[in-house]
Amino acid sequence: MPNKDVVIVILAAGRGTRLKSSLAKVLHPAGGRPLIEHVVRCCAPLKPKRIVTVVGHQAEQVTAAVESLETQIVLQQPQNGTGHAMLVAKRALGNAKIAIVLPGDAPLIRTETLKSLLATHRTGNAAATILTAVLADPSGYGRIVRKTETQVGAIVEDSQLAPEQRELNEINSSIYSFTLATLWPALSHVKPNNKHREIYLTDAIAALTSKGESVLAQIAPDSREVLGCNTRADLAEVDRIFRERKREELMAAGVTIQLPETVLIDPEVSAGEDCTIEPGVQLLGKTKLGERCVIQTGSVLLNAILDDEVTVKPHSLIEESRLEDGTTVGPFARLRVGTHLKAGARVGNFVETKKAVIGEGSKVPHLSYIGDARLGSKTNIGAGTITCNYDGVNKHQTTIGSRVFVGSDSVLIAPVKIGDGAYIAAGSAITKNVPTESLGVARSYQINKKGWAGKKRRELAAAAHGKSPKKKSRKKRGKRR
Ligand code: UD1
Ligand code: CA
């Protein structure tokens, strides 16, 4: 259901001093996305009249991070506090009745929780409704001071707590719903009475209640949802929770994950039924697994598209590649951008590929580099084969037909074409095209010299040991001791 009388304001102008970083706080990643992106995405399903993001510190970069999402940007310069940020956003809010306000640094919030906050606000006819949480360790957060069981009296910032208020363990999440007609006059009375000389949005609560307005608090169903990221430790904890949520989503969809806490999966990854993910795997970006794929330990996949029954053996790195049905990769393989394995193809250990099409059922089993190359079907590339695609200035193409057999340790110096059904003799340096069904040999012929080795050894021994080799060897043994 759309909420056309509601605007959402995301406060993302602050610097985040406590992170000790040159990067603005809301741009730090957790769970595979910048913090700010999680917050904007969570708000969109509410279908508000508008989502406004207040930016200030590193405004350009923060704007770029949310550009592709539906949000209007407002610049707060300088950043004089969360209350000041709201005043700066005022014009952009138009004639909306209610504003939901969120900080840009609490990315675990769920859409359902926002919906429920809004419902409480509407039915309670409140001037403000605060999303709160009860924490075992509330230090650092603003505390909720209740006037009655249902009514809030004030929010007191951590730095301004009276000694007896330190006990309060209900905290302000910084996520609120405000009725704008009553917020603006209250905010105009807020003074920057704190050591940072900032206008705190939290001080508007006391201003509202002193005028007899109703301020409600709603306790979040899961206190982890309101975790703010002020420190690196907070970021690590939030990341851990996001990763756990994602793994649970995939497991619920029929994916087996072994030692799940060791597996890292980005939010946009998908996997079909009966896939198995072994310990220490990372599935990143927009990686997509079909059904019954097995990703073995230590492998990292970034923007890889896998069809069904693909096996990735341990410690393989696959980036921007497409693997069709029944393909096998690794162990220790590196598939770079533009690799395309057609059905049943196999790339084995210590093989690197780049912009390479490996045809149906073709094999590159060991120790090869295949770059800027196209292989037909049922071709076999011997161990140690290398496509020399680079002449120091330009890259060139290697084309290998179907049913080709390339002998081990061959170099194919591009541009070059090997016809269907051809053979390449092991150890060849191929510089010219090889026609269909032909043998290409490009190596010097072998000569065997009978008895040469024994004669050579005797000559060498005589030169090294002089006339009495026994005496010398005894001396050598003595030395070793
Ligand atoms: C704030 C609340 C605190 C609450 C906590 C929850 C205030 C004064 N305090 O404290 O009660 O318990 O969040 O996490 O609001 N921002 C701006 N412009 C500014 C200042 C901040 O846009 O001028 C943004 C920041 O980028 C951030 C959010 O507002 O996303 C909150 O600011 P932050 O400095 O993190 O406030 P806290 O000290 O965490
Ligand atoms: Ca914060």
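Quick notes on this structure:
- Förster-model FRET efficiency, 45 Å R0, SER116 and VAL337, C-beta, rounded to 0.05: 0.50
- Across the chain, C-alpha contacts under 8 Å between residues 6 or more apart give a mean separation that, scaled by the residue count, equals a relative contact order of 8 percent.
- Gyration tensor verdict on region 398-455 (Cα atoms; rounded if a/c is under 1.5, prolate if a/b is larger than b/c, oblate otherwise): prolate
- For a straight C-alpha distance cut-off of 15 angstrom, the aspartates and glutamates reachable from LYS195 (same-chain residues fewer than eight places away being disregarded) are GLU157, ASP158, ASP203.
- Modelled label reach - ALA181, point 7 Å along Cα→Cβ, region 189-206 residues with backbone N closer than 20 Å: 189, 205
- Extension gain from ASN394 to LYS211, taking 0.36 nm per residue of separation minus the Cα-Cα distance: 58.4 nm
- Annotation: extensible slack from ARG240 through LEU439 equals 65.9 nm (criterion: 0.36 nm per residue apart, minus Cα-Cα distance).
- Entries of LYS4/LYS90; LYS246/LYS354; LYS246/LYS363; LYS313/LYS363; LYS115/LYS286; LYS286/LYS313 with Cα pairs more than 26 Å apart: LYS246/LYS354; LYS246/LYS363; LYS115/LYS286
- Quotient of Cα Rg and 2.2 N^0.38 Å for region 224-273, N being how many residues it contains: 1.26
- Straight-distance candidates among the aspartates and glutamates for linking to LYS355, with alpha-carbon spacing under 12 Å and chain neighbours fewer than 8 residues away dropped: GLU319, GLU320, ASP372.
- Working note: 222 nm ellipticity from helices only, DSSP H runs with n ≥ 4, each -39,500 (n - 2.57), summed and divided by the residues of the chain, gives -6500 deg cm²/dmol to the nearest 500.
- When the P(r) of the chain is calculated, the portion above 29 Å amounts to 63% of the C-alpha pairs.
- Computed from the C-beta positions of ILE73 and THR262, the FRET efficiency with R₀ = 30 Å rounds to 0.20.
- Of LEU75, PHE178, HIS465, farthest towards positive along the dipole that unit charges on Lys, Arg, Asp, Glu beta carbons give the chain: HIS465
- Cβ-derived FRET efficiency at R0 56 Å, GLN446 paired with GLU248, nearest 0.05: 0.35
A short reminder: the numbers here are calculations on the coordinates, not readings from a lab. From a predicted model like this one, the values you see are computed outputs, not experimental measurements. Cβ atoms come from the backbone with ideal geometry, glycine included; neighbour counts cover every protein chain shown.
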